[in-house]
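Just below is one structure, and these are the notes that go with it.
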Amino acid sequence: MLEVRDVSVAYGAIEVLRNVSLCAEPGTTTAVLGANGAGKSSLLRAISGVAPVRSGSILFDGQDVTQIPAHRRARLGLAHAMEGRRLFKPLSVQNNLRLSWQFGARAVPWPTALRDVYDRFPILAEKAHVPSGLLSGGQQQMVIISCATIRSPRYLLLDEPSLGLAPIIVSQIYEFITDFAQRSGIAIVLAEQMATLALKVSDRGYVLRRGRVVQHGDSRTLLANSAASLTASYL
Amino acid sequence: MDFLFSLLIAGVSVGSAYALVAIGLNMTFWTTRTLNFGQGSLMMLCAMLTAFFASQGVWLALAVVAGLAVVGLLGIFIERFAVRPALKTEGSMGWMVATLGFGTLLQGIAAKYFGSQAVAFPEVVFSASDTVTIFGQPAALQYLVIFVLAVGLVALLELFLGKTIWGQVIRAVSFDQELGRVQGMPVGAIILLSFVASSVLAGVAGMLIAQIGGTVDPAFGFDLVLLGFVSAVLGGMGSSVGALVGGIVVGVLSKLVGGYISTAAEHGIAFALLMVMLAVRPQGLFARPEAVKV
């Protein structure tokens, strides 16, 4: 289980998260919703250890990791697909996957892990030796998500996997996410601006507004209320 | 003919020394896109300390190891205090002044404790009078050693960067440190190691060059790091083969100019070459352009 307890994050004098708590159970998908700048990415970055946490604590299965550096949290089973097409762009698709696998849990042997990715996204097999920076936005997102899942993580953070993509690619990526959630049974935290989409694939949801949690609960309930209250949170 | 040949041999040899410096500069460039301009002083200090320990009656091999250990530790110091703070601000060039300043400080400290006079460097690997015959011409053995060392190092580094997973890790870290950390790569340790390796290499280069000249003084290394920098830019920053070729071009050209025109123009020609290169092909001879779609 992934727990965030009363976490505040600040860059200098600018506070971007205030006393946020969140709980992600294994086998469930937790949606983090909110408008641009609400603090979704900061929350995910706090969990993976690359945002300056001012107070509060972060726990992986009860172990307090707040003081543990990012690269060791990753070795504890965390995978974070960051927003903004974060890839090692000069490196080939296959080398991106290889590095991520290498520093992950290595629960699956490399050839099998690679074949799984290529079976899932055949286009990546065609582009295996192309520098990943030359791929289209959708293909890059496929590599990013695959880099996260190829690690065999225990906790998976996905930051805006739909951002800037064509609807058909978005549905392809989401199909993969829901499928992976079912197969792996791990805790997934999904940050997303497209609230309806995220609530449909998640079990629980948290709505952030200006760095605070303003609503949280069962995804279905949130979705039912969405028309009125969610829109208000986005304004 | 003999004169030309001896100039060429000498050029290739000093060029190999520049190449070693250029490779040292590349090592930190790979991981952090910074250059350790304190390298010149590390070369000096390593040679100076070795000469000092040896003069105190320390067993020679031990003196060499001690000298290298000290500069290796200073590499840690440079990374921690001269480079890392500057890199906290994105786009900061503070590391340039900080590493150069640290070099100047070391030079001052050496001048204070060892005096500003040149001291004799002991015969560590070979004697100054050892010669070998190349194409029927006698050439100093020391010239050959430094050339072989530079070529061997370039071959090793090319293999390491191109064929091993850690080579990929270094390329990854140089592109995006944060992404590396999030993926579990020991980014801090890699950067630190690159500074230690670069400093130890500077130490080795310093001892070899001191061996050739026979002496070392506190100002030793200052010109070398500048010429090493010219070589690195000429060959293409970050490229090992480029460092070797760039070093040899600079070395040979400056020896030819020194031999046929004037020794006063020896170093000037290197900088003239640098300016021409920056105007014509700023990425250098061997830099691979990195394709990135935004």
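The values are calculated or read from the model by the stated rules, or taken from the named source; none is laboratory data. Please read all numbers here as calculations on a predicted model, not as lab measurements. No Cβ is skipped: glycine too gets one built from the backbone with ideal geometry, and neighbour counts run over all protein chains shown.
Brief remarks on what is shown
- Note on region A:136-235: enclosed helices (runs of 4 or more DSSP H) holding 3 or more residues that are at pLDDT 95 or above are A:137-149.
- One residue from A:R45, A:R54 being in contact with an Asp or Glu (Cβ under 9 Å, 6 or more places away or on another chain), within 25 Å of A:A195 (Cβ to Cβ) and either at the interface with chain B (Cβ under 10 Å from one of its Cβ atoms) or among the basic types (K, R) (or both): A:R45
One line per residue, one yes/no per condition, for (1) over 30 Å from A:L76 (Cβ atoms); (2) in a loop (DSSP other than H, G, I, E, B):
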{"residue": "B:P122", "(1), (2)": "yes, yes"}
{"residue": "B:V148", "(1), (2)": "yes, no"}
{"residue": "B:V154", "(1), (2)": "yes, no"}
{"residue": "B:A189", "(1), (2)": "no, no"}
{"residue": "B:F195", "(1), (2)": "no, no"}
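- One residue stands out among those in region A:84-96 that are assigned to a helix (DSSP H, G or I) and within 12 Å of another protein chain (Cβ to nearest Cβ): the one that is surrounded by the most Cβ atoms within 10 Å (Cβ to Cβ), which is A:N96.
- Scanning region B:152-175 for any residue that is aromatic (F, W, Y), more than 12 Å from every other protein chain (Cβ to nearest Cβ), touching a Gly at 6+ places or on another chain (Cβ under 7 Å) and in contact (Cβ under 8 Å) with a residue 12 or more places away in the chain turns up nothing.
- The criterion of at least 1 residues that are over 27 Å from B:V204 (Cβ atoms) and touching a residue at least 12 places away in the same chain (Cβ under 8 Å) is met, among helices (runs of 4 or more DSSP H) falling completely within region B:222-294, by B:240-260, B:266-280.
- Pick from region B:159-183, criterion modelled with pLDDT under 95 and in a loop (DSSP other than H, G, I, E, B), ranking: nearest to A:L157 (Cα to Cα): B:D176
- The residue of region A:6-42 that is surrounded by the fewest Cβ atoms within 10 Å (Cβ to Cβ), among those that are away from chain B (no Cβ under 14 Å) and of a type in the set (S, T, N, Q), is A:N36.
- Restricting A:A74, A:A70, A:A105, A:A81 to those that are within 12 Å of another protein chain (Cβ to nearest Cβ), hydrophobic (A, V, I, L, M, F, W, C) and under 20 Å from A:Y174 (Cα atoms) reduces the list to A:A81.
- As a summary of the residue check, B:V196 satisfies the conditions (1) modelled with pLDDT under 95; (2) touching a helix residue (DSSP H, G or I) at 6+ places or on another chain (Cβ under 7 Å) except for the one numbered (1).
- Restricted to region A:3-80, the set of strands (runs of 3 or more DSSP E) holding at least 1 residues that are of a type in the set (A, V, I, L, M, F, W, C) and at positive phi is empty.
- Scan of region A:117-133 for residues that are of a type outside the set (S, T, N, Q), surrounded by 16 or more Cβ atoms within 10 Å (Cβ to Cβ) and either part of a loop (DSSP other than H, G, I, E, B) or in contact (Cβ under 8 Å) with a residue 40 or more places away in the chain (or both), ordered by number: A:R120, A:F121, A:K127, A:P131, A:G133
Quick grid of which residues meet (1) surrounded by fewer than 22 Cβ atoms within 10 Å (Cβ to Cβ); (2) of a type in the set (A, V, I, L, M, F, W, C); (3) touching an Asp or Glu at 6+ places or on another chain (Cβ under 9 Å):
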position: A:S136; (1), (2), (3): yes, no, no
position: A:T149; (1), (2), (3): no, no, yes
position: A:V170; (1), (2), (3): yes, yes, no
position: A:I173; (1), (2), (3): yes, yes, no
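- Residue count for region B:180-237, restricted to those that are closer than 30 Å to A:I47 by Cβ and either crowded, with 24+ Cβ neighbours inside 10 Å or within 14 Å of chain A (Cβ to nearest Cβ) (or both): 14
- Only one of the numbered conditions (1) in contact (Cβ under 8 Å) with a residue 60 or more places away in the chain; (2) touching a Phe, Trp or Tyr at 6+ places or on another chain (Cβ under 6 Å); (3) more than 21 Å from B:L153 (Cβ to Cβ) is not met by B:A66, and that is (1).
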